[in-house]
């Protein structure tokens, strides 16, 4: 006991020594700093993982939406050529969706069912595309299977959208999904069961040897720029054109912000300040010809007081005043008191989709807040439009028999090969889905199919 007591006394004496006490303080501080550093690194790693999972999830949502859209188009496609393109797109998007699904930190049997669904969509669509490549039309059984796959893809899309909303609002965290995936995900995807695909097995055996994003807004960006007419202008001339377009009486000052020489159209870019208003407007004027390429300003919209029809008319009147004649409204989107409308050029009652202008219109007083004309400037010219070589009745013969035609007309549409095609435009409905089908007015070939999405905020196409 005396020996232990002496050791305790000796330890006490050492602690009372200032030098020893300083060492202990330094050690405690070092341990605290190490702990904080380790915790910070863990939080950084957790945040990086969270960001990676979020990216994978939202990519998954986008690709599943694309799968649903392309499956809808595949159902209505009536030509092998169009079927090849649409079904190949289904195959690609389903593959990408499966790849991002595999990156999510959920190891459950329910995910296996979802992965199986995407794999089967991919394999089946590829096998049908090979059938189309050989010039064969899809059978009624093929179309029925595609309809069922589309129905399940819609259910999966709705499920993922709900999960996306839950995550955005903080109701579900990735950590919770990892731990409780069995309960949460099982409940969400219970309608996608293994039995749902049993009726497709025979078709997969048949082809077992095969392994395999507004309408026309991504228009031609040709090097010739047919609508970009006129001689080159200097900065001062461009500044005057910009001021005149906005309205000299509205502007307090306007200054050059730069010259854009790397864009599709070389332009002078300006910032202008409004008189008696705390807002600015950006505007771009092309160096060649002094055309308005872009204009935009923003302000708060407190209440919608004009209708969509009134906004359409205001837009057409504005375009007419600015020298853009014979423009026809096509599709639109409303957000936060503002409507963005696509206008296409109309020549001889033919809608020329490559000649596209977008307007941004305030729904409180009809003010034009923005314009974008790059499609028009790239493509606009007077075209030599001949009479169709086939009749409207002949063009409609090969349409899907289930398509209930609501209207028809003539249109010129752009292609991915930087060409244009003269088509009959048929607008129709199958069940609760609206479509636009474009049939070549010279050959009768089905050129394109667009799915029309009618929402409370606008009419869009995919």
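Just so you know, all these numbers are worked out from the coordinates, no wet-lab data involved. Please read these numbers as outputs of a predicted model, since none were measured by experiment. When we count neighbours, we look across all protein chains shown, and the Cβ atoms used for this are built from the backbone with ideal geometry, even at glycine.
Limiting things to C-alpha atoms, what are the Rg and the maximum Cα-Cα separation (Dmax) for region 221-346, in angstroms?
15.8, 44
Taking one equal scatterer on every alpha-carbon of region 232-290, how large is log10 of I(q)/I(0) by Debye at q = 0.24, 0.27 1/Å?
-0.90, -1.07
Ranked from highest to lowest mean number of other Cβ atoms within 10 Å per residue, what is the order of the peptides 94-101, 55-62?
Answer by packing, highest mean first, reads 94-101, 55-62.
If you wrap a convex hull around the C-alpha atoms of region 309-462 and split its volume per residue, what is the figure in Å³? Walk me through the numbers on the way to the answer.
Details: hull volume 18.2 nm³, N = 154.
Dividing the Cα hull volume of region 309-462 by its residue count gives 118 Å³.
Would you calculate the volume per residue, in Å³, of the smallest convex hull containing every Cα atom of region 392-461?
Convex hull of Cα atoms, per residue: 92 Å³.
Between residue 59 and residue 415, what is the spin-label point distance in nm, taking each point 7 Å from the Cα along the Cα→C-beta axis?
3.2 nm
Between region 315-367 and region 251-307, how far is it from one alpha carbon centroid to the other, in angstrom?
Distance between centres, Cα-based: 18 Å.
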